[in-house]
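The structure appears below as structure tokens.
Please treat every number below as a calculation from the coordinates, not as lab data. Worth saying up front: this structure is predicted, and the values here are computed from it rather than measured. Here Cβ is always computed from backbone atoms with ideal geometry, including for glycine, and neighbour counts include all displayed protein chains.
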Amino acid sequence: MSDAIRTFIAVPFSPTLRQVIVKVQAELKKLDMDVKWVEPENIHLTLQFLGDVNPGKIAALKTVLNELYKDVKTIKTRVHSVGAFPDSRRPRVIWISLEDRQGQIAGLAAMLNNGLGKIGYQKNPKPFKPHITLGRVRSPKNAGALARTMHGYALSKDHGEALDRIVLFKSTLTPAGPIYAPLHTVNLQE
């Protein structure tokens, strides 16, 4: 599949929220862990990673996104807590969760999962947990310090965000890291 386009569907964030996230990253970088940190311009909320997609399927993806989200309202959320997958003792991914008390963000992902299933994509069986990836842990160096720091880390609840658009992104892998380019955007209703 040499012509395939590596893609994912995500919600981008405002520069204001990205700056809050960069400050959290800066604090965690002081722990001197072996982590590949997400670049500020690449910070987003992934709804679905599609991987390599045949260019001929891009139009169908755009149509599905337009149909799924045409009447969806903007969702207000805020940063919630710092955590790690699979857990703080064995971190592989460090993240910030987003508040989703009414399940609206998870609803966006569920709609997408169902919509993609109708055009031949395999449904994601895992429950969706709204989170922003801060970095990927490459080795266990200083993982204990991360667990202790996360346990007492408090995020200011003043940092709200309006999730106002869904974007189909192209991801180009380079030695310096991935480069994301929007292929299609659906604006949510105010």
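So the values come out like this:
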{"read-out": "Positive-end residue, the chain charge dipole about Cα centroid, Cβ charges, pick of ALA10, VAL72, ILE94", "value": "ILE94"}
{"read-out": "Segment LYS141-ASP32, extension gain: residue separation times 0.36 nm, minus the distance between their alpha carbons", "value": "38.5 nm"}
{"read-out": "Estimated vicinal HN-Hα couplings, Hz - the range 19-33 in sequence order (Karplus 6.51, -1.76, 1.60; Gly, Pro = x)", "value": "5, 4, 5, 4, 5, 5, 4, 4, 5, 6, 5, 5, 6, 6, 8"}
{"read-out": "Alpha-carbon Rg/Rh ratio, for the range 5-185, with Rh computed the Kirkwood way", "value": "0.97"}
{"read-out": "Amide H within-cut-off set for ARG165, under 5 Å, with H built and near neighbours excluded", "value": "LEU188"}
{"read-out": "Residue-span extension gain [ALA106 to ASN187] - 0.36 nm each, minus C-alpha spacing", "value": "27.4 nm"}
{"read-out": "Translational D in µm²/s for the range 60-118 (Stokes-Einstein at 4 °C, 1.567 mPa s, Kirkwood Rh from C-alpha pairs)", "value": "96"}
{"read-out": "Rounded to 10°, Cα long-axis angle of helix 104-117 versus longest principal axis of the chain", "value": "50"}
{"read-out": "GLN48 long-range amide H proximity, modeled H, under 5 Å", "value": "ILE9"}
{"read-out": "Computed lengthening from THR74 to PHE49, 0.36 nm per intervening residue step minus Cα-Cα distance", "value": "6.8 nm"}
{"read-out": "In degrees, nearest ten, helix 143-152 long axis to first principal axis of the chain (Cα)", "value": "80"}
{"read-out": "The range 1-34 and the range 77-94: distance between their alpha carbon centers, rounded to Å", "value": "14"}
{"read-out": "C-alpha long axis of helix 58-69 to longest principal axis of the chain, angle in °", "value": "80"}
